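Colleague: My structure is below; once you've seen it, I'll send some questions.
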Amino acid sequence: MSKAELGGRFTFPGASLTIQRIGYGAMQLAGPGVWGPPKDLDGAIAVLREAIAAGVNHIDTSDYYGPHITNQIIRQALYPYPAGLVIVTKLGGRRPPDKSWQVAISPEELIAAVHDNLRNLGLDALDIVNYRVMGVGNAPEDRSIAEQVTVLADLRRKGLIRHIGVSNVTAAQVAEAQSITDIVCVQNHYNLAYRADGALIDNLARQGIAYVPFFPLGGFTPLQSSTLSDVAGRLGATPMQVALAWLLHRSPNILLIPGTSSVAHLRENLAAGQLTLSPETLAELDGIAPVAEEH
């Protein structure tokens, strides 16, 4: 698969990191509920190696997936890492023994999380670290993130982090983070049916900053739409491929990190980069979500 077929390339602002726009999200490599080891470790390793073989050079992960398990699998499958591979991780949460998702945002917790990621990935420095604002569900909570971003900026000065991003944030929180340090990416909830971040995406695009939608296919409840299915049928594609292709067409700063634990599903996701959507088809898909949500 060529570089163009993976959605083209994107270079993070102020960085020497250039990646393919279709990457891979590693959350599903862990066991059920993103907890513990997978039932099929060999299968998980095969997915990662297939992604790299297909040209993927952007992997999204976190040490609280598992916890620790996903990063350990990435290291087992890919270390020593191929040249040009960008591993993006995130901080802000922890997984206690009851398998819940808890906030972990004190300076001490953030520093410990950076060292956990470094150790389990086998790295001396992390390419990009997103500070993830943990809230109720996937809705951003508009509170100050200055203390947490300042901690990451200090770790960057110490050489443990190369670049910083933010996740599950409002436009105001992005601006607050940018007043403290350079921000290279924003990772928020956005897909064909949920478009609350339209204005933010356009603003980031003007700055050359990456926007990475999590749950690009709707999360654990896949997107359902008769329009999406109709378009997919006409194009000889799956609805999920069309949903990913729509995101690539939406803005050139959008990067995709669809996750899967299946090699066949991985190949299907990557093939979305080969789909061309006409203006008429894009307009049809745009009508799936209310126009008001875009603004």
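Colleague: Does the stretch 101-116 contain at least one residue that is closer than 24 Å to A51 by Cβ and either touching a residue at least 60 places away in the same chain (Cβ under 8 Å) or surrounded by 18 or more Cβ atoms within 10 Å (Cβ to Cβ) (or both)? Let's see the steps before the verdict.
Modeller: The initial filter retains those residues of the stretch 101-116 that are closer than 24 Å to A51 by Cβ, namely 116.
Adding the requirement that they be either touching a residue at least 60 places away in the same chain (Cβ under 8 Å) or surrounded by 18 or more Cβ atoms within 10 Å (Cβ to Cβ) (or both) leaves 116.
Looking through the stretch 101-116, at least one residue is closer than 24 Å to A51 by Cβ and either touching a residue at least 60 places away in the same chain (Cβ under 8 Å) or surrounded by 18 or more Cβ atoms within 10 Å (Cβ to Cβ) (or both).
Colleague: Looking only at the stretch 82-124, which residues are closer than 15 Å to R162 by Cα and of a type in the set (S, T, N, Q)?
Modeller: T89, N117
Colleague: Given the conditions (1) over 27 Å from I111 (Cβ atoms); (2) in contact (Cβ under 8 Å) with a residue 40 or more places away in the chain, which single one is not true for S226?
Modeller: Here S226 clears every test but (2).
Colleague: Quick check on the stretch 205-222. Is at least one of its residues surrounded by 17 or more Cβ atoms within 10 Å (Cβ to Cβ) and over 21 Å from the mean Cα position of the chain (by Cα)?
Modeller: So far as the stretch 205-222 goes, no, none of its residues is surrounded by 17 or more Cβ atoms within 10 Å (Cβ to Cβ) and over 21 Å from the mean Cα position of the chain (by Cα).
Colleague: Which condition number does P140 fail, the rest of (1) without any contact (Cβ under 8 Å) to a residue 24 or more places away in the chain; (2) part of a loop (DSSP other than H, G, I, E, B) being met?
Modeller: Checking P140 against (1) without any contact (Cβ under 8 Å) to a residue 24 or more places away in the chain; (2) part of a loop (DSSP other than H, G, I, E, B), the one that fails is (1).
Colleague: Being in a loop (DSSP other than H, G, I, E, B), under 21 Å from A271 (Cβ atoms), out of contact with any Phe, Trp or Tyr (no Cβ under 8 Å at 6 or more places or on another chain) and modelled with pLDDT under 95: is that true of S16 here?
Modeller: Details: in a loop (DSSP other than H, G, I, E, B): yes; under 21 Å from A271 (Cβ atoms): no; out of contact with any Phe, Trp or Tyr (no Cβ under 8 Å at 6 or more places or on another chain): yes; modelled with pLDDT under 95: yes.
Judged against the criteria, S16 is not a match.
Colleague: Output yes when any residue across the stretch 44-53 is without any contact (Cβ under 8 Å) to a residue 40 or more places away in the chain, farther than 22 Å from L244 by Cβ and either acidic (D, E) or not in a helix (DSSP H, G or I) (or both), and no when none is. So that I can check it myself, show each step before the final result.
Modeller: Going residue by residue through the stretch 44-53, those that are without any contact (Cβ under 8 Å) to a residue 40 or more places away in the chain are 45, 48-49, 52-53.
Cutting the leftovers down to farther than 22 Å from L244 by Cβ gives us 45.
Checking which are either acidic (D, E) or not in a helix (DSSP H, G or I) (or both) leaves us with none.
Looking for residues that are without any contact (Cβ under 8 Å) to a residue 40 or more places away in the chain, farther than 22 Å from L244 by Cβ and either acidic (D, E) or not in a helix (DSSP H, G or I) (or both), one finds none in the stretch 44-53, hence no.
Colleague: Return the only residue of A54, A83, A15 being in contact with a helix residue (DSSP H, G or I) (Cβ under 7 Å, 6 or more places away or on another chain) and over 20 Å from A113 (Cα atoms).
Modeller: Numbers: A83 fails: in contact with a helix residue (DSSP H, G or I) (Cβ under 7 Å, 6 or more places away or on another chain); A15 fails: in contact with a helix residue (DSSP H, G or I) (Cβ under 7 Å, 6 or more places away or on another chain).
So the residue among A54, A83, A15 that is in contact with a helix residue (DSSP H, G or I) (Cβ under 7 Å, 6 or more places away or on another chain) and over 20 Å from A113 (Cα atoms) is A54.
Colleague: Going by the conditions given, is D127 within 24 Å of V169 (Cβ to Cβ), touching a His at 6+ places or on another chain (Cβ under 9 Å), in a helix (DSSP H, G or I) and of a type outside the set (F, W, Y)? Full working, then the answer.
Modeller: Working: within 24 Å of V169 (Cβ to Cβ): yes; touching a His at 6+ places or on another chain (Cβ under 9 Å): yes; in a helix (DSSP H, G or I): no; of a type outside the set (F, W, Y): yes.
It is false that D127 is within 24 Å of V169 (Cβ to Cβ), touching a His at 6+ places or on another chain (Cβ under 9 Å), in a helix (DSSP H, G or I) and of a type outside the set (F, W, Y).
Colleague: Determine whether D98 is closer than 21 Å to D197 by Cα, more than 20 Å from the chain's Cα centre (by Cα) and part of a loop (DSSP other than H, G, I, E, B). So that I can check it myself, show each step before the final result.
Modeller: Values: closer than 21 Å to D197 by Cα: no; more than 20 Å from the chain's Cα centre (by Cα): yes; part of a loop (DSSP other than H, G, I, E, B): yes.
No; evaluated as a whole, the condition is false for this residue.
Colleague: Just to be sure before I move on: is V151 of a type in the set (A, V, I, L, M, F, W, C), crowded, with 17+ Cβ neighbours inside 10 Å and in a helix (DSSP H, G or I) in the structure I sent?
Modeller: When the stated conditions are applied, V151 passes them.
Colleague: Which of the residues spanning the stretch 14-45 are on the phi > 0 side of the Ramachandran plot and either buried (at least 23 other Cβ atoms within 10 Å of the Cβ) or in contact with a Gly (Cβ under 8 Å, 6 or more places away or on another chain) (or both)?
Modeller: Step one: list which residues in the stretch 14-45 are on the phi > 0 side of the Ramachandran plot, which gives 14, 33-34, 36.
Scanning the stretch 14-45 gives V34, G36.
Colleague: Continuing with the same structure: Could you identify the single residue in L48, L78 that is at negative phi and more than 17 Å from the chain's Cα centre (by Cα)? Give the steps one after another, and end with the answer.
Modeller: Values: L48 fails: more than 17 Å from the chain's Cα centre (by Cα).
Checking each option against the conditions leaves just L78.
Colleague: Then there's this: Conditions: (1) within 30 Å of S261 (Cβ to Cβ); (2) surrounded by fewer than 22 Cβ atoms within 10 Å (Cβ to Cβ); (3) touching a residue at least 24 places away in the same chain (Cβ under 8 Å). P80 meets all but one. Number of the miss?
Modeller: So P80 meets the others, but not (3).
The values are calculated or read from the model by the stated rules, or taken from the named source; none is laboratory data. Just so it is clear, the model here is predicted, and its values are computed rather than measured. When we count neighbours, we look across all protein chains shown, and the Cβ atoms used for this are built from the backbone with ideal geometry, even at glycine.
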